[in-house]
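The structure appears right after this line, and notes come after that.
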Amino acid sequence: MKINWLIICVLCFSPSVFAQQQQKRFGTGTCLPAYLAQYDVNGDGVIGMEEQQVMVQARDQIRKGLRADWDTNGDGKISDQERDQARLRLRDMIDECRSTRFVAADTDLDGALSYEEFVLLPGMLNKTVEWVDAIFARLDADGDALVTLEEFLAAVQQCDQARDGTCPAGTGGPGGPNGNK
């Protein structure tokens, strides 16, 4: 009886068994998202404890770098003005990314998305025709059957404003006629 208990204790509290219990698996354990795969140095499809520690350290370095970037006067504190400036820079980066993706989706390079280009976007796949039609109509503000980058960015900005509660009345946000109440 004591031997069985000893074997169970050794197995349960063995460092290798404990480490295996602490590993994070994704899906089948064979495919990691790209942002995690870079940390899987042994290529086993699992983020082990050591690899996880490296991830945490990298995340902390990124956070420190962002704080240093946001703290423009170097006083170690993020003022309201510095926070607002950081938000504007982040908004510009997001708009730039959205613009790049829009241009990539514009396969005929005419500066606008036709319905045929729009339905091929990853976010539109596996959606009902009615849903895709409604979104396209919402984005096509001037009704010319094309969605320009300006129309797209304006609609996304309205969605962002609706999400954070700053959407003006009449624009489809929480205060508007088409908004969610």
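Key figures for this structure:
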quantity	calculated
Residue match in the stretch 83-105 (condition: more than 20 Å from Gly143 (Cα to Cα), in contact with a helix residue (DSSP H, G or I) (Cβ under 6 Å, 6 or more places away or on another chain) and of a type in the set (Phe, Trp, Tyr))	no
Of all residues in the stretch 10-58 being in contact with a helix residue (DSSP H, G or I) (Cβ under 7 Å, 6 or more places away or on another chain) and either among the β-branched types (Val, Ile, Thr) or loosely packed, with under 10 Cβ neighbours inside 10 Å (or both), the one that is modelled with the lowest pLDDT	Val17
Any hit, the stretch 130-140, residues being of a type in the set (D, E, K, R) and in the same structural domain as Leu36 (by TED's automatic domain parsing)	no
Checking Ala104 against (1) under 24 Å from Tyr35 (Cβ atoms); (2) assigned to a loop (DSSP other than H, G, I, E, B); (3) modelled with pLDDT of 90 or more, the condition it does not meet	(2)
Meets criteria (part of a helix (DSSP H, G or I), surrounded by 14 or more Cβ atoms within 10 Å (Cβ to Cβ) and modelled with pLDDT of 90 or more) for Glu82	yes
Filtered residue count, the stretch 107-129, keeping only those that are on the phi < 0 side of the Ramachandran plot and not in a helix (DSSP H, G or I)	12
Output for the stretch 130-166, where each listed residue is part of a loop (DSSP other than H, G, I, E, B) and more than 21 Å from the chain's Cα centre (by Cα)	Asp140, Ala141, Asp142, Gly143, Asp144, Ala145, Thr166
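The values are calculated or read from the model by the stated rules, or taken from the named source; none is laboratory data. For clarity, every value in this text was computed on a predicted model and none was experimentally measured. Please note: Cβ atoms are built from the backbone with ideal geometry, for glycine as well, and neighbour counts cover all protein chains shown.
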